[in-house]
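Colleague: Attaching a single structure in structure tokens format; questions to follow.
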Amino acid sequence: MTDRPMTARELAGCIDHTFLKQEAPHPALEQWCHEAVQYGFATVCVHPCYVARAAELLRASASRVCSVVGFPLGLHRTQIKQQEAALAIEDGARELDMVIHLGAVLQGDLTYVQQDIAPVVALCRQQTPPVILKVILETAALERATKVALCALLSDLGVDFLKTSTGLHPAGGATIEDVRLLWRHRGRCRVKAAGGIRDWQTALAMLAAGAERLGTSSGVQIVTELPT
């Protein structure tokens, strides 16, 4: 970030406008996509069942569709994650947020983690242009050394973003400390902060700590309340 204050449009361009509540009504998707166009959000992040409709609604805009993969637990079989990613891309997703297998991580089985993510990386790289892949770590549930090890693994795999959280884990969401840690050890990756970002002060603090993308369902409130 520069010393110049960030404009609302610039801030919106860092936000994935998140539509992931289980009870969210289908008609609200159109509102979410309209807001993405109006404010200039980077993406609308949706469940796989909404990707095709969101892609249709955003077709003439600069905002893209992001789909989640293995959400929210990350415990799908690798083949299911791969197929879910392929179908989302076929439906029009240009970015994917994939949940890591947290159980394997906590058991220290990074070989499984690597084999679980690598096929989705390969699929994303086969697209023209390549689809952006973010991997959700659930940083609040991990020890520091594990987070550092994951940064190295995911950078070597060619993942685009290290994402802090689903926002649903009981351990919590994004923290400034975790964003800074991921940024320091990011390798070739970029950093996305998500989970608990509900106001412009927190949003700017996350960006200042090293995040380049923010995941939040409070995007409209954040950009409209940003001081000018």
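Since every read-out is calculated from the coordinates, none of them should be taken as a lab result. Fair warning: this is a prediction, and the values are worked out from it, not measured in the lab. Cβ placement follows ideal geometry from the backbone for every residue including glycine, while neighbour counts extend to all protein chains displayed.
Colleague: Going through segment 1-66, which GluC sites (Glu not before Pro) have at most 16 other Cβ atoms within 10 Å and a DSSP loop state?
Modeller: Answer by residue number: Glu23.
Colleague: For Met98, which sequence-distant residues (separation of 5 or more, or a different chain) have an amide H within less than 5 Å of its own amide H, given hydrogens modelled in the peptide plane?
Modeller: Val69, Lys134, Val135, Ile136
Colleague: Compute the length gained on full extension between Ala118 and Gln201: take 0.36 nm times their separation in residues and subtract their Cα-Cα distance, giving the result in nm to one decimal.
Modeller: Full extension of this stretch gives 26.3 nm more.
Colleague: Quick one: which residues, 5 or more positions from Cys14 or on another chain, have an amide H under 5 Å from its amide H? H modelled 1.01 Å from N in the peptide plane, none for Pro or chain starts.
Modeller: Under 5 Å from the amide H of Cys14: Ala42.
Colleague: Counting each DSSP H run of 4 or more residues in the chain as -39500 (n - 2.57), what helix-only mean residue ellipticity at 222 nm follows after dividing by all residues, to the nearest 500 deg cm²/dmol?
Modeller: It comes out at -12500 deg cm²/dmol, rounded to the nearest 500.
Colleague: Run the count for the chain, please: Lys pairs, Cα-Cα under 19 angstrom, 8 or more apart or on different chains.
Modeller: 9
Colleague: Which trypsin sites (Lys or Arg not before Pro) does segment 134-193 hold that lie in a coil by DSSP with at most 16 other beta carbons within 10 Å?
Modeller: Sparse-neighbourhood loop trypsin sites (Lys or Arg not before Pro): Arg188.
Colleague: Please list, in order along segment 27-42, the HN-Hα scalar couplings obtained from phi with the Karplus expression 6.51 cos²θ - 1.76 cosθ + 1.60 (θ = phi - 60°), rounded to whole Hz, x for Gly and Pro.
Modeller: Karplus-based 3J(HN,Hα) across segment 27-42 equals x, 5, 4, 5, 4, 4, 5, 4, 5, 4, 5, 4, 9, x, 5, 4 Hz.
Colleague: Whole Å is fine, so just give me how far the alpha carbon centre of segment 150-168 lies from that of segment 54-125.
Modeller: About 12 Å separates the Cα centre of segment 150-168 from the one of segment 54-125.
Colleague: A follow-up question, please. What's the extension gain from Val37 to Arg184 if we count 0.36 nm per residue and subtract their Cα-Cα distance?
Modeller: That works out to 49.6 nm of additional length.
Colleague: Under the definition of Cα pairs under 8 Å and six or more residues apart, what whole-number percent is the relative contact order of segment 1-150?
Modeller: 17
Colleague: Treating the beta-carbon of each Lys and Arg as +1 and of each Asp and Glu as -1, no other charges, what is the dipole magnitude of segment 150-228 about its Cα centre, to the nearest 20 debye?
Modeller: For this selection, approximately 180 debye.
Colleague: Using the Karplus curve 6.51 cos²θ - 1.76 cosθ + 1.60 with θ = phi - 60°, what ³J(HN,Hα) values do you get for each residue of segment 43-53, in whole Hz, with x for Gly and Pro?
Modeller: Per residue, the Karplus-derived 3J(HN,Hα) values read 9, 10, 9, 9, 5, x, 5, 9, 4, 4, 5 Hz.
Colleague: Here's a follow-up. So what are the ³J(HN,Hα) numbers for segment 155-166, from phi and the Karplus equation (6.51, -1.76, 1.60; θ = phi - 60°), rounded to whole Hz, Gly and Pro as x?
Modeller: Result, ordered by residue: 5, 5, 6, x, 5, 7, 10, 8, 10, 5, 7, 7 Hz.
Colleague: Then there's this: In which sequence would His17, His76 go, from the one with the fewest C-beta neighbours within 10 Å to the one with the most?
Modeller: His76, His17
Colleague: What residue among Ala85, Phe161, His185 has its Cα farthest toward the positive end of the dipole of the chain, where the charges are +1 on Lys, Arg and -1 on Asp, Glu, each on the Cβ?
Modeller: His185
Colleague: If R0 is 30 Å, what FRET efficiency do you get for Glu90 and Ala152 from their C-beta distance, rounded to 0.05?
Modeller: For Glu90 and Ala152, the calculated efficiency is 0.40.
Colleague: Given points 7 Å out from each Cα along the Cα-Cβ axis, report the Ile176 to Thr224 separation in nanometres with one decimal.
Modeller: Going by the 7 Å Cα→Cβ label model, 2.8 nm.
Colleague: Next up: Loop-only chymotrypsin sites (Phe, Trp or Tyr not before Pro) in segment 145-202, please: DSSP not H, G, I, E or B, and at most 11 other Cβ atoms within 10 Å.
Modeller: Here no chymotrypsin sites (Phe, Trp or Tyr not before Pro) fit, given the DSSP loop and packing criteria.
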